[in-house]
Amino acid sequence: MHFEETAIQTELRELTRKFAQKELAPLIEEDERNETFRPEIIRKLGELGLTGIPTPEEFGGAGLGYQEYICVIEEIAAVNLGYAISVAVTGLPQLILSKFGTAEQKAKYIPGLASGTAIGGFALSEASSGSDAGSLRTTAKREGDHYLVNGTKLWITQGGFSETLILMARTGGPGPKGVSAFILEKGMEGFTTGKREKKMGIHTSHTMELVLNNVKIPVKNRIGEEGEGFKVAMSALDGGRITIGASALGISRSALAVAKNHALERQQFGKPLMEFQGISFMLADMATALEASRLLVWQAAWLRDEGKPFSKQASMAKLFASDSAMKITTDAVQVLGGSGYTQDFPAERYMREAKVLQIVEGANQVQRTVIARALSKEN
Ligand code: CAA
């Protein structure tokens with residue numbers, strides 16, 4: 001494993017940073033306030049080749065690895081988490097279809113997602129099945145050449161904007177083995193969006209309820225065999241959790257920068273805050289937690305790129321980087337004091353953004369479960 005970025009990784013990082021600073025940063029404060037999402041931003045990221053980084057070139061992706069992917073996600077998250085999550089969620093169907101899709105499914109759905117002309121979605125959670133994903137209740141009953149799907153999905157990122165969603169529904173008995181995965185398309189009859197959540201943060205990312213009322217999903221839209229859906233979802237989340245870790249790096253980095261600048265500039269008792277050990281030690285701890293998070297995220301990405309098992313390390317990266325982001329952003333608010341608690345500085349937004357990373361793509365308690373289960377299987 002190496003920790004020095006390759007030329008292509010640095011190039012991608014610079015390209016994304018430039019775009020995020022120029023096109024995204026000027027919009028963010030107002031769009032967060034007004035809860036505005038702009039699909040054209042995803043399209044523009046797609047034009048730069050940034051929405052399908054780990055997707056094979058034959059389907060319109062960049063054909064690169066996760067080590068490149070995390071550079072892009074970190075840079076977007078450093079400016080706004082909502083768009084980083086939108087890119088990551090658009091990546092999930094690409095990941096799933098590249099690995100489990102038929103030739104026809106790959107050709108039909110991946111190019112739009114990889115080019116950013118279509119936004120992706122991932123519909124697993126329901127009101128009564130969040131962490132216990134295998135207990136989901138949405139049903140898919142086979143009727144000839146289609147399935148009749150009924151149920152309600154909850155907390156679906158950009159569910160109203162997604163053109164192509166991966167839907168997990170029950171085709172068999174109770175538990176994970178009764179779950180199958182399907183491709184759900186925007187506009188299918190009986191598929192509507194319900195309420196949009198009013199959230200603490202990431203307002204540029206709309207979190208939707210999806211209502212499925214006798215939706216006819218063709219059998220050819222099933223991914224893999226009946227009963228394989230839970231494994232499809234879990235293996236996609238292994239990869240997704242690395243992108244959540246990368247998002248945490250972006251937020252932590254921005255929070256640390258704001259806090260450091262403030263500590264260097266703000267004078268109290270006749271000297272900069274940085275000269276008070278109480279503050280400088282906080283910044284030292286923040287920087288150390290960020291570096292440790294970075295190493296875990298890179299390790300998970302590297303393992304995945306090398307084709308080695310990475311599920312445990314992805315959970316560790318997600319867990320540690322998001323818990324660290326929560327601590328780093330909370331401390332950034334503290335370093336800024338009264339200003340940190342106001343919307344004149346972005347520190348309070350970073351703190352609200354960090355919180356969701358401890359919850360999405362598996363609450364951090366679930367990450368600990370995955371890690372503990374892996375530990376007990378090891379010699
Ligand atoms: N890869 C492949 N297969 C896997 C797997 C993985 N990572 N994890 C589990 N499986 C398989 C198991 O091997 C098992 O199969 P066998 O019986 O054949 O061995 C099967 O799946 C069931 O596994 P478990 O018995 O471990 O299942 P469980 O019911 O105990 O659940 C869990 C395990 C880890 C808690 C899981 O339910 C989980 O991850 N929950 C959290 C769900 C989650 O992350 N939701 C996020 C929603 S999506 C989101 O947030 C995206 C967004 O919009 C931003």
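The values are calculated or read from the model by the stated rules, or taken from the named source; none is laboratory data. These numbers were taken from a predicted model, which means no experiment stands behind them. Heads up, the Cβs are rebuilt from the backbone with ideal geometry, glycines too, and the neighbour counts pull from every protein chain shown.
The figures follow:
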{"quantity": "Qualifying position, being charged (D, E, K, R), more than 15 Å from the ligand (Cβ to nearest atom) and either assigned by TED's automatic domain parsing to the domain that holds A25 or within 24 Å of I70 (Cβ to Cβ) (or both), among R349, R368, R304", "calculated": "R349"}
{"quantity": "Wholly within segment 134-212, strands (runs of 3 or more DSSP E) carrying at least 3 residues that are away from the ligand (no atom under 15 Å from the Cβ)", "calculated": "139-143, 146-157, 179-185, 191-196"}
{"quantity": "Scope segment 45-67; condition closer than 17 Å to K99 by Cβ and assigned to a helix (DSSP H, G or I); matching residues", "calculated": "E57, E58, F59, Y66"}
{"quantity": "Positions within segment 240-290 being among the hydrophobic types (A, V, I, L, M, F, W, C) and within 16 Å of the ligand (Cβ to nearest atom), in sequence order", "calculated": "I242, I244, A246, A248, I251"}
{"quantity": "Flag for P111 being surrounded by fewer than 24 Cβ atoms within 10 Å (Cβ to Cβ) and either outside the structural domain of G160 (by TED's automatic domain parsing) or among the basic types (K, R) (or both)", "calculated": "yes"}
{"quantity": "Single residue of I41, I70 found to be within 23 Å of T207 (Cβ to Cβ), within 18 Å of the chain's Cα centre (by Cα) and part of a helix (DSSP H, G or I)", "calculated": "I41"}
{"quantity": "Cβ-Cβ under 9 Å pairs, at least 6 apart or on other chains, segment 102-129 side over 20 Å from I53 (Cβ atoms) and in a loop (DSSP other than H, G, I, E, B), far side away from the ligand (no atom under 16 Å from the Cβ) and not polar (S, T, N, Q)", "calculated": "T102/K220"}
{"quantity": "Condition met for I85 (within 13 Å of the chain's Cα centre (by Cα) and not assigned by TED's automatic domain parsing to the domain that holds A257)", "calculated": "yes"}
{"quantity": "In segment 254-285, the residues that are touching an Asp or Glu at 6+ places or on another chain (Cβ under 9 Å) and crowded, with 22+ Cβ neighbours inside 10 Å", "calculated": "A255, A259, L273"}
{"quantity": "Filter result for the condition that a residue is in the same structural domain as P346 (by TED's automatic domain parsing) and within 26 Å of S322 (Cβ to Cβ), over G270, G250", "calculated": "G250"}
{"quantity": "Residue in segment 324-336 that is at pLDDT 95 or above, within 16 Å of the ligand (Cβ to nearest atom) and outside the structural domain of Y83 (by TED's automatic domain parsing) present", "calculated": "yes"}
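Condition check ((1) closer than 29 Å to A133 by Cβ; (2) under 24 Å from the mean Cα position of the chain (by Cα); (3) touching a residue at least 12 places away in the same chain (Cβ under 8 Å)) across all residues:
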{"site": "L336", "(1), (2), (3)": "no, no, yes"}
{"site": "Y341", "(1), (2), (3)": "no, no, no"}
{"site": "R349", "(1), (2), (3)": "no, yes, yes"}
{"site": "E361", "(1), (2), (3)": "yes, yes, yes"}
{"site": "R368", "(1), (2), (3)": "yes, yes, yes"}
{"site": "R373", "(1), (2), (3)": "yes, yes, no"}
{"site": "K377", "(1), (2), (3)": "yes, no, no"}
